[in-house]
Amino acid sequence: MTTTTIATCSYLHTCQPPTIQRLRTCQTRHRFLPRTCAPVTRRLKLVVAAAAETTRTMKAAEDGVLLKKGIAEFYDESSGVWEDIWGDHMHHGFYDPDSTVDVSGHRAAQIRMIDEALRFAGLSEDPTKRPKSVVDVGCGIGGSSRYIASKFGAKCQGITLSPVQAQRANALAAAQGLSDKASFQVADALEQPFPDGQFDLVWSMESGEHMPDKAKFVNELARVAAPGGTIIIVTWCHRDLAPTEESLQPWEKELLNKICDSFYLPAWCSTAEYVKLLQSLSLQDIKAEDWSQHVAPFWPAVIRSALTWKGLTSLLRSGWKTIKGALAMPLMIEGFKKDLIKFAIITCRKPE
């Protein structure tokens, strides 16, 4: 029987790497062998498990590369259309509940969103509270950075996956006389090109949605924050799960998956999950709030602007990725109306 065991598994002792199928075949045969074969069987199981884990890791890495490529191309295509119609702030506006506004009012609401986020985090123009160094994670074409640089006299550095956005952001900074205060580069938010503890304000305005690894994202935000620095995350989330729930309902998952496919988003998470991640890093003064009611007029207004002659012609010139994103806008409205999608702000402070 010992001879049979060695013959069955002889490839384990050669230079030829075993395939998963061969390992499984050998493992099946071992079911009928005596207990003397147990150590080999255990090794086989470990090898099969390691091979499967390697495959999963490689698949995740490949998916991550494709996701980043899709995000970059999506914003390369769509940023010019957005700027042409809505200006240089590529995020929701902050509105009084049940308000109705015109296009100029929407642009003012986008600036108000920045001010409300700063206020919520306890930052002001008081010299003792104003930020001096800022990183804008997922900066778009730099609207938030330029506004914060002008408001506080802070030095801002923005990062984006889109070369088109970075180039345009730097051009706008130069045109507005802010090149010495605001600069932009192509970089990955999950591997930021900055040393530890550099920024006293870490700003993420609607970029967390695109992060496939939320834990790594939050870790990077905390890493680059200076001791005592403030972290502001404004992001789309799905609703918090009830204590009796293990996951979202099937129809909710289906709706979010359709949105993900159009906007190049990975899996969503809840506000509560963000808070837990921040707590795990021992960050202080953690606060979170649902601002969904304050952004309700935004998506209907975007749809109305897309249906104008200027909007339609711009969409047709931009490319399929932008058109696909535009077609998903009614899904965002549906998600908000059904209390599935939440617009959340989460802030905290790094210990000194």
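The set of residues in the stretch 185-202 that are in a strand (DSSP E or B) and open to solvent by less than 20 Å² (accessible area, probe 1.4 Å) comprises Phe199, Leu201, Val202.
Among the numbered conditions (1) polar (S, T, N, Q); (2) more than 22 Å from Ser305 (Cβ to Cβ); (3) open to solvent by less than 60 Å² (accessible area, probe 1.4 Å), the only one that Gln165 does not meet is (2). The residue that is nearest to Thr308 (Cα to Cα), among those in the stretch 75-125 that are among the hydrophobic types (A, V, I, L, M, F, W, C) and modelled with pLDDT under 85, is Ile85. Among the residues of the stretch 164-174, are any more than 14 Å from Ile232 (Cα to Cα) and in a loop (DSSP other than H, G, I, E, B)? Within the stretch 164-174 (the criterion being more than 14 Å from Ile232 (Cα to Cα) and in a loop (DSSP other than H, G, I, E, B)), the answer is no, since none of the residues qualifies.
Take the conditions surrounded by fewer than 17 Cβ atoms within 10 Å (Cβ to Cβ) and under 17 Å from the mean Cα position of the chain (by Cα) and apply them to Ala272. Does it pass? Judged against the criteria, Ala272 is a match. Does Ser179 satisfy being at negative phi, small (Gly, Ala, Ser) and more than 20 Å from the chain's Cα centre (by Cα)? In short, yes.
In this entry, Val135 passes the filter for residues that are of a type in the set (A, V, I, L, M, F, W, C), outside any loop (DSSP other than H, G, I, E, B) and buried (at least 23 other Cβ atoms within 10 Å of the Cβ).
Total residues in the stretch 269-284 satisfying the condition of being in a strand (DSSP E or B) and more than 16 Å from Met211 (Cβ to Cβ): the figure is 1.
Pull up the stretch 203-225, narrow it to residues that are part of a loop (DSSP other than H, G, I, E, B) and in contact with a strand residue (DSSP E or B) (Cβ under 8 Å, 6 or more places away or on another chain), then point me to the one that is surrounded by the fewest Cβ atoms within 10 Å (Cβ to Cβ). The qualifying residue surrounded by the fewest Cβ atoms within 10 Å (Cβ to Cβ) is Glu206. Among the residues of the stretch 228-255, those that are crowded, with 20+ Cβ neighbours inside 10 Å and outside any loop (DSSP other than H, G, I, E, B) comprise Gly229, Thr230, Ile231, Ile232, Ile233, Val234, Thr235, Trp236, Cys237, His238, Leu255. Helices (runs of 4 or more DSSP H) fully within the stretch 291-339 that include at least 2 residues being closer than 25 Å to Ala108 by Cα and free of Cβ contacts under 8 Å to residues at least 40 places away in the same chain: 298-306, 309-318, 329-337.
Determine whether Lys338 is at pLDDT 80 or above and of a type in the set (Lys, Arg).
Details: at pLDDT 80 or above: yes; of a type in the set (Lys, Arg): yes.
Yes.
So that you can scan it fast, the table gives a plain yes or no per residue for (1) open to solvent by less than 50 Å² (accessible area, probe 1.4 Å); (2) more than 19 Å from the chain's Cα centre (by Cα); (3) farther than 18 Å from His92 by Cβ; (4) of a type in the set (S, T, N, Q):
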residue: Ser282; (1), (2), (3), (4): no, yes, yes, yes
residue: Ser292; (1), (2), (3), (4): yes, no, no, yes
residue: Lys310; (1), (2), (3), (4): no, yes, yes, no
residue: Thr322; (1), (2), (3), (4): yes, no, yes, yes
residue: Glu334; (1), (2), (3), (4): no, yes, no, no
residue: Lys337; (1), (2), (3), (4): no, yes, no, no
residue: Ile346; (1), (2), (3), (4): yes, no, no, no
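Could you check, for the stretch 239-253, whether at least one of its residues is under 17 Å from Val137 (Cα atoms), touching a Lys or Arg at 6+ places or on another chain (Cβ under 7 Å) and not aromatic (Phe, Trp, Tyr)? The answer is no; no qualifying residue exists. All of (1) out of contact with any Asp or Glu (no Cβ under 7 Å at 6 or more places or on another chain); (2) over 18 Å from His210 (Cβ atoms); (3) at pLDDT 95 or above; (4) surrounded by fewer than 19 Cβ atoms within 10 Å (Cβ to Cβ) hold for Ile148 with one exception: (4). When Leu265 is tested against (1) in contact with a Leu (Cβ under 9 Å, 6 or more places away or on another chain); (2) in a helix (DSSP H, G or I), only condition (2) is not met.
The values are calculated or read from the model by the stated rules, or taken from the named source; none is laboratory data. The shown structure was predicted, so the numbers you read here are calculated from the model rather than taken from an experiment. Because the Cβ atoms are built from the backbone with ideal geometry, glycine has one as well, and the counts that use them run over all protein chains shown. Keep in mind that these areas ignore ligands, DNA and RNA; they rest on the heavy atoms of the full protein, side chains included. Shrake-Rupley method; radii C 1.70, N 1.55, O 1.52, S 1.80 Å.
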